Amino acid sequence: ESTGPRAWTGGIPPAKGSDMPELLAYFNGEWVPRSDLRIDPADRGFTMGDAVFDVERTFNGKIFRLKEHMERLYRSLQYNRIDPGLAMHEMASISEEAVRRNEPMRPSGGDFSIRQVVTRGTPVSGTQGGVLEPLTPTVIVLVTMVAFEAYAQFYEPGATVVIPKTRSYSSNFFDPKAKHYSRGNFVQAQLEAADLDPDAFPVLLDQDGNITENMGANFFVVTDGVLRTSSDKSVLQGISRMSVLELAGQLGIPVVEEDLQPYDAYTADEAFLTNTYFQLLPVRSVDRRPMGEVPGPISKQLLAAWSELVGLDIVDQALQAVK
């Protein structure tokens, strides 16, 4: 997980067969080395994707918007009728402790991502596949290094977006506001996009042909100075999406949440993706239709305001990390 050799600083046990420390994870009430995580192959999270999760990242070692992420996680748990056996404040405390325990491993200029995963658990009787059993959930909180190399190269030239033929799940099947692991459609979308461009970010349509989201990011366009994005009837209520809407309000940038079609992306002045890792990533083309200036003026404004909010230059941190 580490981006390079670091001296042993204590507090974290060395990885097996190595003099280097290993990141610790919370697993069903215990703190274990990441390599010791073991999921029962009969766990419904493995067999059915019957699990919910959330992901945060740190800035200078401090978790960004943990409260909002915890609230979303517990809404997802409630929607899926999974009891994690932990109160929301307990899950938040475990997440903060995970960062503290792994802080000696954080390289200079680096940051962590934190992921909470809760599965329904492993069935015994097999009744209805175990969904009606009072199962013991599997609860994991793990920390990894933010992988700047996965996206830093796209900040300046912009990322490419492809709209695949695979569609988002209808809200009649599974409400997109719940963050879950049933993601087969996104996998197919990734494969389809990669057939055209291995670096492309697929952005899916819903059943009516309206733009929804990427597997891990919300999608925005800018038209004549107006910031436009899909309403949350068809997309995840992204915490980064929320941050953009708040920052836009502070900056006086008009915002519209509405149904968008590929036409709106093809004719936009700007487009960008938002997620926990990169915050805001400018887009240079959608289905090979180029945007205008990249990054555009609204994207630059929002990134600058976001950098001020978190206390560091988001783009510079990523670019420095991959030099």
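Scanning the range 56-67 for residues that are open to solvent by 40 Å² or more (accessible area, probe 1.4 Å) and on the phi < 0 side of the Ramachandran plot yields K62, K67. Can L245 be described as outside any helix (DSSP H, G or I), of a type in the set (A, V, I, L, M) and within 18 Å of the chain's Cα centre (by Cα)? The answer is no for L245. Residues considered: A159, A189, A178. Of these, the only one that is touching a residue at least 12 places away in the same chain (Cβ under 8 Å) and under 24 Å from E71 (Cα atoms) is A178. Taken over the range 288-302, the residue count meeting the criterion of being open to solvent by less than 20 Å² (accessible area, probe 1.4 Å) and in contact with a helix residue (DSSP H, G or I) (Cβ under 6 Å, 6 or more places away or on another chain) is 1.
Go through the range 48-81 and report how many residues are assigned to a helix (DSSP H, G or I) and free of Cβ contacts under 8 Å to residues at least 12 places away in the same chain. Number satisfying all stated conditions: 1. What about V221, is it modelled with pLDDT of 95 or more, under 20 Å from V283 (Cα atoms), buried (at least 19 other Cβ atoms within 10 Å of the Cβ) and not small (G, A, S)? Answer is yes for this residue.
The rows are residues; the columns are (1) modelled with pLDDT under 95; (2) among the charged types (D, E, K, R); (3) on the phi > 0 side of the Ramachandran plot.
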site	(1), (2), (3)
R6	yes, yes, no
T9	yes, no, no
P41	yes, no, no
M48	yes, no, no
D54	no, yes, no
H69	no, no, no
L73	no, no, no
A87	no, no, no
P107	yes, no, no
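Are there any pairs with C-beta distances below 9 angstrom linking a residue in the range 307-323 that is within 16 Å of S243 (Cβ to Cβ) to a residue that is in a helix (DSSP H, G or I) and among the acidic types (D, E), with the two at least 6 apart or on different chains, and if so which? Hits for this filter: S307/D316.
Residues in the range 166-217 that are more than 17 Å from the chain's Cα centre (by Cα) and among the aromatic types (F, W, Y) were compared, and the one that is farthest from A150 (Cα to Cα) is F173. For the list (1) surrounded by fewer than 23 Cβ atoms within 10 Å (Cβ to Cβ); (2) assigned to a helix (DSSP H, G or I); (3) small (G, A, S); (4) in contact (Cβ under 8 Å) with a residue 24 or more places away in the chain, I need the number of the one condition that S285 fails. Among (1) surrounded by fewer than 23 Cβ atoms within 10 Å (Cβ to Cβ); (2) assigned to a helix (DSSP H, G or I); (3) small (G, A, S); (4) in contact (Cβ under 8 Å) with a residue 24 or more places away in the chain, S285 violates only (2).
The values are calculated or read from the model by the stated rules, or taken from the named source; none is laboratory data. Every value quoted in this text rests on a predicted model; they were computed, and no experiment measured them. All Cβ positions, glycine included, derive from the backbone under ideal geometry; neighbour counts span all protein chains shown. When the accessible area is computed, the model is the full protein with side chains, heavy atoms only, and any ligands, DNA or RNA have been set aside. Shrake-Rupley method; radii C 1.70, N 1.55, O 1.52, S 1.80 Å.
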